[in-house]
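Following: one structure in structure tokens, then a few remarks.
The values are calculated or read from the model by the stated rules, or taken from the named source; none is laboratory data. Here the structure is a predicted model, which is why all the values come from computation and not from measurement. Here Cβ is always computed from backbone atoms with ideal geometry, including for glycine, and neighbour counts include all displayed protein chains. These accessible areas exclude ligands, DNA and RNA; they are computed on the full protein's heavy atoms, side chains included. Shrake-Rupley method; radii C 1.70, N 1.55, O 1.52, S 1.80 Å.
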Amino acid sequence: MSQGRDGFTTAFGALMATLGSAVGLGNIWKFPSLTGTNGGAGFLLVYLAATILVGLPVMISEIMLGRTARADAITSFEKLAPRNQWWWKVIGWMGFAAALLIMAFYSEVAGWVYAYIFKSLTGEIATTDPKAAEAVFGQMVSNPWSSLIWQWIVLGLTGFIIAFGVSKGIEAVTRRLMPLLFILLLVLCVRSLTLSGAGDGLAFLFSPDFAKITPAVMLTALGLAFFKLSLGMGTMLTYGSYFRENQNIAGTATRVMLADLSVSLLAGIAIFPAVFAFGFEPAAGPSLVFMTIPAVFTSMPGGIVFMTLFFILTAIASVGAILSLLEVVVAILSERFGLPRKTAAISTIAMIAVLGVPAALSQGTMADFKLFGLNMFDLFDFLSSNILLPVGGILICLFVGWVYGLAAPEKRLAEAGTPVQRVVIRSVFFLVRFVAPVAIAIVLLNGLGAF
Ligand code: TRP
């Protein structure tokens, strides 16, 4: 660790923080609903391919760049790029923008989740009728204050943690929360799988329907792969800059990818069998979590307890992800612009709170205000996941593959490591140079309807 710079103190801490970034609302809110609306297992296969062939190499590249440069996302590119190529730091600025855009809607969804912990305890969402659950949700999101206040609670809480820094804030919190999350998830899976009629849900999740795979579906799967592993905008780069010198990057990244996939699948296993067992609609979209889930849980024995656990679990998952999004901005403000850490944290929270207002209002008062046919909430989501992250991903691949190359420790492994290390590092570098940028470009243009 460079002198005086904060960082992760143990290999386990770095792993939990990185996993905490990857695991989030994406696993529980985005993954099941996208799988549901895009036809189940076929989508899952495309998503798997995108994760392994594109996601993993980009994650390794980002962490490697960060650990070499030991700086925030903008300054890192300034340090590593050749002198006459100043433009690479645009990647960092895009990341800055993407972090704020993602946080604007992400913290709002997290706010709903927090609200739902209380609503399930008070029995407000204890209804077996999805229409009634829909009414409760509609009421919450159409009232701008109730949405905004919960969003501010989430921002206040995570802003407080981030102000403590990397080792005493991020690492200390994620190290404790991530194991808890796995335990809660397993409890929910056991409940769901022991319902009669659970098999249909598993079939839906695991038997592919290739007819449903269109270019738009492929773009969505790629966008999800980026979003899930927190890629393309400097999150992993920023976290990499806090890795210790001797941390095994490829190993850590692979573990994070596998654990994140497991959480998504377990979330799918916790949700779909129950959805089918009680005859609900799997393709309910983003509302799945807030409208279908309450009805599903209320239908089962012990429902209120499991429903409360479900929302607590989701809230826990959101914390690590939010911390990593905040850290991108906080690191830039504090390291590059010299703000004290606390001031940087408060400024970041304030910017997100402002951007969050149109996102929150778009569920009610401003529902009809649309750009490119999307309300502000969906626009922020689309712009960040489907455009900024893939474009950032292409640029990162080009930078590592063609300009910077492998960092010294990885170069050593590629030449003199164990046979497994040599194969892994060389394949990753091949994917980064040739496969990932081309694949991302094709999927991106195709998904936007360019061909
Ligand atoms: N990966 C997180 C999730 O699945 C979200 C997230 C955290 C993220 N940091 C990110 C997404 C950076 C994109 C970029 O919920």
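The ALA211 and VAL423 beta-carbon pair, evaluated with R₀ = 25 Å, returns a calculated FRET efficiency of approximately 0.10. Size descriptor for the range 44-143, Kirkwood hydrodynamic radius: 17.6 Å (Cα pairs only, one decimal). Any chance you could give the angle, 0 to 90 degrees and rounded to 10, that helix 11-22 forms with the longest Cα principal axis of the chain? With rounding to tens, the tilt is 50 degrees. Taking the longest Cα principal axis of the chain as reference, the axis of helix 341-361 is set at about 40 degrees. Model label sites at VAL403 and ARG5, defined 7 Å from Cα along the beta-carbon direction, differ in position by 1.9 nm.
Distance from the alpha carbon centroid of the range 39-99 to that of the range 248-276 works out to 21 angstrom.
Which shape class applies to the range 59-100: rounded if a/c is under 1.5, otherwise prolate when a/b exceeds b/c and oblate if not, where a ≥ b ≥ c are the square roots of the Cα gyration tensor eigenvalues?
On the way: a/c = 1.95, a/b = 1.09, b/c = 1.79.
Verdict is oblate for the range 59-100.
Set the Cα radius of gyration of the chain against 2.2 N^0.38 Å, with N its number of residues, and you get 0.94.
Each peptide in 432-442, 244-254 gets a packing score, the mean of other Cβ atoms within 10 Å over its residues, and the list from highest to lowest is 432-442, 244-254.
The residues of the chain present an accessible area of 37 Å² per residue when probed at 1.4 Å with all protein chains retained.
Could you compute the FRET efficiency for ALA367 and GLU78, with r as their C-beta to C-beta distance and R0 at 45 Å, rounded to 0.05?
Working: r = 42 Å, r/R0 = 0.93.
For ALA367 and GLU78, the calculated efficiency is 0.60.
Spatially, the range 400-417 and the range 128-174 are offset by 41 Å when compared through their Cα centroids. Once the Cα atoms of helix 41-50 and of the chain are each reduced to a long axis, what angle between those two axes, in degrees from 0 to 90 to the nearest 10, is obtained? It works out to around 20 degrees.
Here, the range 283-425 has an Rg and a Dmax of 21.8, 62 Å when only alpha carbons are counted.
Carbon-plus-sulfur accessible fraction, the range 1-49 (probe radius 1.4 Å, protein heavy atoms only): 68%. When the solvent-accessible area of the range 136-271 is split by element, carbon and sulfur atoms take up 70 percent of it, the probe being 1.4 Å. Here's the list of lysines a cross-link from LYS411 could span, going by alpha-carbon distance under 28 Å and ignoring same-chain residues fewer than 8 apart: LYS79, LYS89, LYS228.
Label separation (ARG176 vs ASN248): 2.9 nm, computed from points 7 Å beyond Cα along the C-beta direction.
Across the range 399-448, C-alpha contacts under 8 Å between residues 6 or more apart give a mean separation that, scaled by the residue count, equals a relative contact order of 33 percent.
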